[in-house]
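The values are calculated or read from the model by the stated rules, or taken from the named source; none is laboratory data. Because the structure is predicted, anything quoted here is derived from the model rather than measured. Cβ placement follows ideal geometry from the backbone for every residue including glycine, while neighbour counts extend to all protein chains displayed. Heavy atoms of the whole protein, side chains included, go into the accessibility calculation; ligands, DNA and RNA do not. Shrake-Rupley method; radii C 1.70, N 1.55, O 1.52, S 1.80 Å.
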Amino acid sequence: MGLGCWQLGGDWGVVADDTALTVLGAAVDSGVTFLDTADVYGDGRSERAIGAFLASRPDVAERVTVATKMGRRADPHEPAAYTYDAFCRWTDRSRENLRTDTLDLVQLHCPPTPVFSSDEVFDALDRLVEDGRTAAYGVSVETVDEALAAIARPNVASVQIILNVFRRKPLERVLPAALEAGVGIIARVPLASGLLTGKYDASTQFAPDDHRAYNRNGEAFDVGETFSGVPYDVGVAAAQEVAALTPSGMTTAQLALKWVVQQPGVSVVIPGARTPAQAQANAATDRFPDLDDATLASLERVYDDSIREHVHTRW
Ligand SMILES: NC(=O)c1ccc[n+]([C@@H]2O[C@H](COP(=O)([O-])OP(=O)(O)OC[C@H]3O[C@@H](n4cnc5c(N)ncnc54)[C@H](OP(=O)(O)O)[C@@H]3O)[C@@H](O)[C@H]2O)c1
């Protein structure tokens, strides 16, 4: 279990600087060793929080892997922006924010689709590794086809993709292909932006600066990143059915995380957390046994009956 650090940058309402540090501390002290961030989360704020946190905790810094992302600073965000020079500028800024000479992992941040077929882009990424700017690189993707294209590249270390109870399509081809190729799978949005906690209803309000308020129809970025692209009312109703399946002793969030983590081929799951208690509860998921076959079958029925038609052919 890792920690998604988008919340520590912005786009999820207010998370104060000191809260960001306590969320990181709660996660790492609960056993988390993988942090996912990006250069654009709060325009570097998330990276800087991680850099400050690790500088203050030399006892844990060695065992924590930090994955960041680049590409979304490009304006306009188009394939021509994905050059070696831009990669150097972006990674140099991330290295400074994260206070490290060599990044552990840098991921292309959902690049435009033509980037996946550009040999020049992947040659430039190889050069970043040769330079020592990053130890490895990966790609964060929107669709299964993009994931498969990334997995086919010889030096891609990881693919990050949305995988959760409401997003099952990567199970069909992406996870087997990643296992076969030895590519790590970073499973993001495991709680469908919080829907899969079962805690929202029709009256739930999100802050105006929270993407769950301003990106419901994909106004700012791919709508799949907000509630996994499931219409809110459909998601709330289906999440109630998921909640009814929660095994005793677990929370519904832990059920949802467990489902992701037990899929063969998943390397790490990165739930976002806005509070230390959320980070601790998510890390504690590792203590529970795998979900049984009856629960897995019931979760699949919820998907087939309510969710599939909204997402399956789109991503
Ligand atoms: N394009 C990309 O590469 C991309 C896109 C999206 C995300 N990501 C990465 O993936 C990470 C995870 O995805 P995400 O944050 O979008 O969605 P997520 O993990 O599915 O949902 C996060 C939300 O779930 C709720 N939550 C988390 N733990 C909880 C708990 N124990 N109990 C109750 N509620 C809990 C919180 O909602 P409340 O705020 O309502 O409490 C939290 O903000 C991000 O942080 C980011 O690092 C990458």
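Note on region 257-315 and region 166-194: Cα centroid distance 11 Å, given to the nearest whole angstrom.
Calculated from DSSP H runs of 4 or more alone, at -39500 (n - 2.57) each and per residue, what is the 222 nm mean residue ellipticity of the chain, nearest 500? Write down the numbers at each step before the final one.
Working: 13 runs with 121 residues, N = 315.
Taking each H run of at least 4 residues, the total per residue is -11000 deg cm²/dmol.
Based on alpha-carbon atoms, the Kirkwood radius and the radius of gyration of region 265-315 give Rg/Rh equal to 1.06. Note on D43 and E172: with the Förster distance fixed at 35 Å, the Cβ-Cβ geometry gives a FRET efficiency of about 0.45. Cβ-Cβ distance of D293 and R314, R₀ of 25 Å, FRET efficiency by 1/(1 + (r/R0)^6): the value works out to about 0.30.
Under a 1.4 angstrom probe, counting protein chains only, how are E180, E47, E300 ranked by accessible area, largest first? Let's see the in-between values first.
On the way: E180 160, E47 0, E300 80 Å².
Ranking E180, E47, E300 by accessible area, largest first, yields E180, E300, E47.
Each of D131 and S248 was given a label point 7 Å from its Cα along the Cα-to-Cβ line. The distance between the two points is 5.8 nm.
Here the extension length gained between Q205 and T83 equals 39.8 nm, from 0.36 nm per residue of separation less the Cα-Cα distance.
Let me know the charge dipole size of the chain about its Cα centre in debye, to the nearest 20, where only the beta-carbon of Lys, Arg (+1) and Asp, Glu (-1) is charged. Can you show the working numbers first?
On the way: 28 positive and 44 negative charges, 90 e Å.
Charge dipole of the chain: 440 debye, to the nearest 20.
May I ask you to list the GluC sites (Glu not before Pro) in region 203-297 that are in a DSSP loop and have at most 10 other Cβ atoms within 10 Å of their Cβ?
On the way: sites: E219, E225, E241; in loops: E219.
Passing both the DSSP loop test and the Cβ count: E219.
What the Cα atoms of region 78-133 give is an Rg and a Dmax of 11.2, 32 Å. DSSP finds beta bridges in the chain, and of those with both partners inside it, around 5 percent are antiparallel.
For D290, the solvent-accessible surface with a 1.4 Å probe is about 100 Å², rounded to the nearest 10.
What order do you get for 265-271, 100-106 when each peptide is scored by the mean count of other beta carbon atoms within 10 Å, highest first? Let's see the in-between values first.
Working: 265-271: 23.3, 100-106: 18.9.
Answer by packing, highest mean first, reads 265-271, 100-106.
If you plug the beta carbon distance of D59 and E241 into 1/(1 + (r/R0)^6) with R0 = 35 Å, you get a FRET efficiency near 0.20. At the residue level, W12 shows approximately 20 square angstrom of accessible surface with a 1.4 angstrom probe and all protein chains present.
Want the number for T275 to N155: 0.36 nm per residue separation, take away the alpha-carbon distance, what's left? Intermediate values should be presented prior to the final figure.
Values: separation 120, 0.36 × 120 = 43.20 nm, distance 3.59 nm.
That pair, T275 and N155, stretches by 39.6 nm at full extension.
How large is Rg/Rh for region 3-311, to two decimals, with Cα atoms and a Kirkwood Rh?
Values: Rg = 18.5 Å, Rh = 19.6 Å.
Expressed as Rg/Rh, it is 0.94.
In this rough spin-label picture, where each label sits 7 Å from Cα along the Cβ direction, the F221-T113 distance is 2.0 nm.
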